[in-house]
1. Quick one: is Ser216 within 23 Å of Lys258 (Cβ to Cβ), of a type in the set (S, T, N, Q), in contact (Cβ under 8 Å) with a residue 24 or more places away in the chain and buried (at least 17 other Cβ atoms within 10 Å of the Cβ)?
2. Going by what's in this entry, would Thr211 be described as free of Cβ contacts under 8 Å to residues at least 40 places away in the same chain, out of contact with any strand residue (DSSP E or B) (no Cβ under 8 Å at 6 or more places or on another chain) and not aromatic (Phe, Trp, Tyr)?
3. Could you list, ordered by first residue, the pairs with Cβ atoms under 6 Å in which the first is in region 226-246 and free of Cβ contacts under 8 Å to residues at least 40 places away in the same chain and the second is not basic (Lys, Arg), at least 6 apart or interchain?
4. Being in contact with a Phe, Trp or Tyr (Cβ under 7 Å, 6 or more places away or on another chain) and not small (Gly, Ala, Ser) is true for just one of Lys296, Lys264. Which residue is that?
5. Would you call Leu126 buried (at least 18 other Cβ atoms within 10 Å of the Cβ), of a type in the set (A, V, I, L, M, F, W, C), touching a residue at least 12 places away in the same chain (Cβ under 8 Å) and outside any loop (DSSP other than H, G, I, E, B)?
6. Specify which of the listed residues (Arg93, Arg115, Arg76, Arg84) is crowded, with 17+ Cβ neighbours inside 10 Å, among the basic types (Lys, Arg), touching a residue at least 12 places away in the same chain (Cβ under 8 Å) and farther than 19 Å from Lys34 by Cα.
7. Within region 183-224, restricting attention to residues that are of a type in the set (Ser, Thr, Tyr) and part of a loop (DSSP other than H, G, I, E, B), which residue is nearest to the chain's Cα centre (by Cα)?
8. Please find, within region 59-72, the residue that is least open to solvent (accessible area, probe 1.4 Å) out of those that are charged (D, E, K, R) and within 14 Å of Trp168 (Cα to Cα).
Amino acid sequence: MRGTVKLLIILIILALLAFLVERSRTRRLSPHLKRLISEKQTEKIDQIVISRDSDTSRLVKEDGSWFVEILGKKKRTDEKKIDRLFGTLDSLRGELVSSSSERYGEYEVDEKGLRALFLSGEDTVLDIIVGKSGPDFNSSYVRKAGEKGVYLANRYLRSVFYASPDRWRDRKIVEFDRDSIEEFSVRKGEKFCRVVKEDTLYSVKEGDCDTSKIRSFLGTWSRLTAVSFDDTISFAAAGLDDPQYSVTLVPIGGEEVKLKVGEKDDKNRYYLGKEGDDQVYIIAPYTVNRLKELLKEKNGKKKK
């Protein structure tokens, strides 16, 4: 009974907080907000530069797809983050709260703010300085570059506009439905197994593996994601010319995917290469543990 009363009190407090936040938002953000950019303008954008302090992201659109520049090379972006950015721009509105340059520092829309420049070719579509968050959890102070007015915008923009290039990158390496893999193989030196799906069951056709670990292996490796990237190391230096593990996945009706696991980096993570892709990925240790479990490798720890 006492626990129920405590839970009820907590729920009442949370509801009250939500009400106060919404009332604060309603009071500060007028229903008649000014559009900061039109939908027609967003359709023309083909370059984006976002910077803050020493970080700068440069995004470019080519053949309908967006890329982020890393060390002079164009890398794939996470499409969901791009969609979120443009969805935010399309709904971006603001209410004028100040025209005094003396208050720029207060709102963090001075040189310390985040700069977001949107271009169409060489023409500027929108150039804004994003300051601190507003009085609620979903608003930001912004100022158009070259203009005095400071607006309270209806979005928290620093969670959408990333100055760090790595935040934009597509971390997907493999993305299949686990049950769509009809065949796979894993090799480490002399250890090898090839498994084929027959109806709904997986059968070991060559070599040996722990069949109880097949589902967990496929759950990880059919939707493999990088934790980071290394854009300066060579395949040879990463141990990918002579890999520790080789993995082949064959999806139903699709092309096979070949992956190689190399050496560890200085954070105990593993380098990974994908055939047909010149990117050196970094994957978490637990993903390689799935391979060790499948091949019945010992963990190397001695029992006391």
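1. no
2. No.
3. Filtered contacts from region 226-246: Gly239/Gly262; Gly239/Glu263; Asp241/Phe235; Pro243/Val261; Pro243/Gly262.
4. From the options Lys296, Lys264, the qualifying one is Lys264.
5. Against the criterion (buried (at least 18 other Cβ atoms within 10 Å of the Cβ), of a type in the set (A, V, I, L, M, F, W, C), touching a residue at least 12 places away in the same chain (Cβ under 8 Å) and outside any loop (DSSP other than H, G, I, E, B)), Leu126 qualifies.
6. Being crowded, with 17+ Cβ neighbours inside 10 Å, among the basic types (Lys, Arg), touching a residue at least 12 places away in the same chain (Cβ under 8 Å) and farther than 19 Å from Lys34 by Cα holds for just one of Arg93, Arg115, Arg76, Arg84, which is Arg115.
7. Ranking the qualifying residues of region 183-224, first place goes to Ser222.
8. Checking each candidate, the answer is Glu69.
The values are calculated or read from the model by the stated rules, or taken from the named source; none is laboratory data. On a predicted model such as this, the values are computed, not experimentally measured, just so you know. Counting neighbours? That spans all protein chains shown, and the Cβs are built from the backbone with ideal geometry, glycine included. Only protein heavy atoms, including side chains, enter the accessible area calculation; ligands, DNA and RNA are left aside. Shrake-Rupley method; radii C 1.70, N 1.55, O 1.52, S 1.80 Å.
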